[in-house]
Amino acid sequence: MSDAVVGTLLDQETLAAWVDAGDAPSWVADHWRTFRDGLTGQRNGSPFPCFFGAESVREGEPLYTAVPSLTDPDALFSLGETLQSYLATYRDHSERASLVTFFEPTERPLTESEYHDALWHVLQFLHVHDPEPWPEAIPTDPEDPHWEFCFAGEPMFPTCRAPFYDTRKSRYCPVGLEITFQPRALFESLDVTADTAAGQHAREVIQDRLTEYDGVCPHADLGDWGVEGDREWPQYMLASDDEQAPDECPMTVTRDHPKSKWLVGRPGQSEPAD
C-alpha cells in the first residue's frame, strides 16, 4: 500500500484505480467509496439532491486530495499547496471540477462541536497563509451577504460532509470530515447563480430533491450568496444541533497580506497526478 495518494492532486480515474488496486490507505478508500456511492446512488427513492454534483462524479470530473490530519501544520500547508495547484489548473480539466478533500479520521469520534471547530481551523489556517490578498470585491465581514471564503484570490464555496448528520444524509459521511471546494467561477460557468432564471430553477429543483432525499425540510440556513438576510458561512457546515454550532463565524478575516510567506511562490504540483 502506498501513501502517494495523500497530499497530492488526483483526478477521479487515478484515485479510483489506486483504490481498486489496494494502493491507497484504507481511510482514503473508505472516503472515496462512500462519497461515490452517496452522490451517485439513491435514498428514499430519490437521487442525490445536487444533480450537477452527481453528474460530475458519474462523468469523473472532480479532482481529489487526501489530508492526513485536521490540525498538523505540515498537512495543512500541503493542503494549501494542493489548493493553489487546483485553482491554477481546474479549468483545463473540466468546468465542473470541484476539489473534494478527504481528511483522515481521528483516533476517537468527534462531537458536532469539534467538527465545526475543525472546519474553521482549516479555513483560518489557509487564510493566515494565503499567498494572495483577500479580493477587494469581497467584504471581510462574514455577516455581510456578499462575504464568502477566499483563497489565492478566488472566492469559493466550501461545503462539508461529516459523521454527525443523522438525518441530513445528503451531508453525511461515516468516515470523517470532507470538504468540497467549489470556486464561484464554477457556479457562474454553469449559470446556476441565484441572479439568473436558470439558477433559480436549479435551486428549486435541488430543494425539492433535498426534501425527498433527506426526509426532512431543507435546512433553514440554506440561502443564496448576496441576498440580504442570507449568510454564506453557516452553509459550509450546516448545524444539526444548534447548541453545538457557532453563533458567529469563527473566522477572522483581514486584508493585510502576506501574513505568512510559506505558500508564496510555492505553486505545488502543476497538474493532477495520472
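The values are calculated or read from the model by the stated rules, or taken from the named source; none is laboratory data. Since this is a predicted model, take the numbers as computed values, not measurements. Using ideal geometry, Cβ is built from the backbone for each residue, glycine included, and neighbour counts are taken over all protein chains shown.
Checking the conditions here, which among 191, 242 is surrounded by fewer than 16 Cβ atoms within 10 Å (Cβ to Cβ), under 22 Å from the mean Cα position of the chain (by Cα) and at pLDDT 80 or above?
242
Taking residue 40 as meeting all but one of (1) over 14 Å from residue 100 (Cβ atoms); (2) in contact with a Lys or Arg (Cβ under 8 Å, 6 or more places away or on another chain), write down the number of the exception.
So residue 40 meets the others, but not (1).
Just checking, how many residues over the stretch 156-167 are touching a strand residue (DSSP E or B) at 6+ places or on another chain (Cβ under 7 Å), crowded, with 19+ Cβ neighbours inside 10 Å and within 18 Å of residue 121 (Cα to Cα)?
So the count comes out to 4.
Residue 34 is checked against (1) farther than 20 Å from residue 70 by Cα; (2) in contact (Cβ under 8 Å) with a residue 60 or more places away in the chain and fails just one. What number does that condition carry?
Unmet for residue 34, out of (1) farther than 20 Å from residue 70 by Cα; (2) in contact (Cβ under 8 Å) with a residue 60 or more places away in the chain: (1).
Considering only residues that are within 24 Å of residue 170 (Cα to Cα) and aliphatic (A, V, I, L, M), which ones fall in the stretch 228-255?
Result: 237, 238, 239, 245.
Tell me which of these residue 135 doesn't satisfy, since it passes every other one: (1) closer than 23 Å to residue 7 by Cα; (2) in a loop (DSSP other than H, G, I, E, B); (3) not basic (Lys, Arg).
Here residue 135 meets the rest and fails (1).
Which condition from (1) of a type in the set (Ser, Thr, Tyr); (2) surrounded by 18 or more Cβ atoms within 10 Å (Cβ to Cβ); (3) modelled with pLDDT of 95 or more; (4) farther than 30 Å from residue 256 by Cβ is the one that residue 170 breaks?
Condition not satisfied by residue 170: (3).
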